[in-house]
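Read through the structure below, which is laid out as structure tokens, and then see the notes.
The values are calculated or read from the model by the stated rules, or taken from the named source; none is laboratory data. From a predicted model like this one, the values you see are computed outputs, not experimental measurements. Glycine gets a Cβ as well: all are built from the backbone with ideal geometry, and neighbour counts include every protein chain shown. Note: areas computed on protein heavy atoms with side chains; ligands, DNA, RNA excluded. Shrake-Rupley method; radii C 1.70, N 1.55, O 1.52, S 1.80 Å.
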Amino acid sequence: MQQYSSARSGEYFQIELYGNQEPHILKDDSDFNYFLNLLNKYLLDNETVDLLAYCLNGGSIHMLLYQFSDGEIDLLLKNICLDYDKYFFNKYGIKNVLDLGSRVITKTDTCLIMRASKNIHLLPEEWLDYPYSSIRSYLYDDTPDWLNKDHIVDLCGTTENYFNFISRTVAK
């Protein structure tokens with residue numbers, strides 16, 4: 001298994017996961033829900049990584065993470081990819097869909113996390129009501145315990161300000 005990044009503690013990272021020769025790594029609602037359950041499994045009691053934003057598309061997975069301890073994003077991604085690969089193989093007979101797929105891991109400066117979260121949330125065309133994105137957690141009161149929106153809300157002041165920030169981009 002390859003090393004995913006050289007992530008250091010106290011840093012923000014944008015993560016993009018793509019499938020290994022498989023255009024759709026999330027094919028139906030059960031796949032999306034399984035992946036969300038993996039996020040719950042690995043982030044609920046995790047005190048070393050915060051998930052700030054996510055969007056699950058059929059062909060890719062996008063996340064914005066904050067790492068408290070060195071190497072924890074690497075471990076988190078390894079565990080999630082291995083578990084999802086087992087699930088995907090059992091369901092579709094396709095091996096290593098995420099393990100051998102491509103990953104884009106980009107360190108994101110604090111001053112750019114607002115833009116990074118906005119870009120993640122605006123990925124779907126119908127972004128406002130997209131069920132597999134954390135945007136609903138920012139706009140409504142259905143935040144899962146494993147998502148930490150404090151980093152972004154603290155920068156904006158309120159979730160209403162965050163919505164206005166995103167909406168200004170869409171209106172242009």
Quiz item: Ignoring any ligand, DNA or RNA, what whole percent of the accessible area of the range 1-138 comes from carbon and sulfur when the probe is 1.4 angstrom?
Solution: 45
Practice problem: Compute the separation of the alpha-carbon centres of the range 83-115 and the range 59-78 and state it in Å as a whole number. | Solution: 9
Quiz item: Once phi is turned into θ = phi - 60°, what whole-Hz ³J(HN,Hα) does the Karplus curve with 6.51, -1.76 and 1.60 give for every residue of the range 152-164, x standing for Gly and Pro?
Solution: 7, 5, 4, 6, 8, x, 8, 5, 5, 5, 5, 4, 4
Quiz item: Peptides 147-156, 72-81, 39-48: what's the order by average Cβ count within 10 Å, highest mean first?
Solution: 72-81, 147-156, 39-48
Quiz item: Using Cα pairs under 8 angstrom and six or more residues apart, how large is the relative contact order of the range 22-172, in percent?
Solution: 26
Quiz prompt | Of K91/K149; K27/K78; K107/K149; K41/K107, pairs whose Cα-Cα distance is over 29 Å | solution = K91/K149
Exercise. Would you please classify the overall shape of the range 76-124 from the alpha carbon gyration tensor, given that a ≥ b ≥ c denote the square roots of the eigenvalues, rounded means a/c under 1.5, and beyond that prolate means a/b larger than b/c while oblate covers the rest?
Key: prolate
Quiz item: Could you give the accessible area per residue of the range 1-157, probe 1.4 Å, as a whole number in Å²?
Solution: 48
Quiz item: Taking the Cα atoms only, what angle lies between the long axis of helix 29-43 and the longest principal axis of the chain, rounded to 10 degrees?
Solution: 80
Exercise. In nm, give the distance between the simple-model label positions of D141 and N37, each being 7 Å from the Cα along the Cα-to-Cβ direction.
Key: 2.8
Quiz item: Could you give the angle, 0 to 90 degrees to the nearest 10, between helix 72-92's Cα long axis and the longest principal axis of the Cα atoms of the chain?
Solution: 60
